[in-house]
Amino acid sequence: RPEFELLLEPTINILVYRYLPEQYRKLAASHLLSDSDNHAIDNFNVLLQKAQRQAGYSFVSRTVISSTRYGTGNPMVALRAVIANPLTTESDVDEVLRDQLGIALKLTRVN
């Protein structure tokens, strides 16, 4: 999904990623985001995670990781989905992402 950027390859049951507002997607695909771009994306992801938690339909946690994807090891805000239930399906994960997309659209209209 072009709206999301996988930040770390999943090793067990934890998915670490972030939402990319539309204006940053092409730059991210080419690994050309600046520090200020990443800062704006971080701020949006903080708002997204808080809004998702408050809405109460689905939940992912938030963390900060150090990544060299865009140069030096700057901290980046990441969304963190922990898939602990062995009955979780790909459809369940898609539903969480759809929820985030809907919330992101609402946040974009407000900001």
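The values are calculated or read from the model by the stated rules, or taken from the named source; none is laboratory data. Please read all numbers here as calculations on a predicted model, not as lab measurements. Every residue, glycine among them, receives a Cβ derived from its backbone with ideal geometry; neighbour counts consider all protein chains shown. For the accessible areas, the whole protein counts, side chains as well, though only heavy atoms, and no ligand, DNA or RNA atoms are used. Shrake-Rupley method; radii C 1.70, N 1.55, O 1.52, S 1.80 Å.
Amide H contacts of Leu7: Val16, Tyr17, Arg18, each under 5 Å away and 5 or more positions distant or on a separate chain (H built 1.01 Å from N in the peptide plane; Pro and chain starts excluded).
Compared with the dominant Cα axis of the chain, that is its longest principal axis, helix 35-55 is turned about 20°.
Take every pair of alpha-carbon atoms less than 8 Å apart whose residues are at least six positions apart; their mean separation over the length of the chain yields a relative contact order of 26 percent.
Taking all protein chains into account, the per residue accessible area for region 3-111 stands at 60 Å² (1.4 Å probe). Mean residue ellipticity, 222 nm, helices only, the chain: the sum of -39500 (n - 2.57) across DSSP H runs of n ≥ 4, divided by residue count and rounded to 500, is -14000 deg cm²/dmol. Over the chain, what percent of the accessible surface lies on carbon and sulfur atoms, probe 1.4 Å? About 55 percent, which is the carbon plus sulfur part of the accessible surface. Kirkwood hydrodynamic radius of region 1-49, from the reciprocal of the average inverse Cα-Cα distance over all distinct pairs: 11.4 Å. What the Cα atoms of the chain give is an Rg and a Dmax of 13.7, 40 Å. Overall, the chain carries a charge dipole of about 280 debye about its Cα centre when +1 sits on the Cβ of Lys and Arg and -1 on the Cβ of Asp and Glu, all other atoms neutral.
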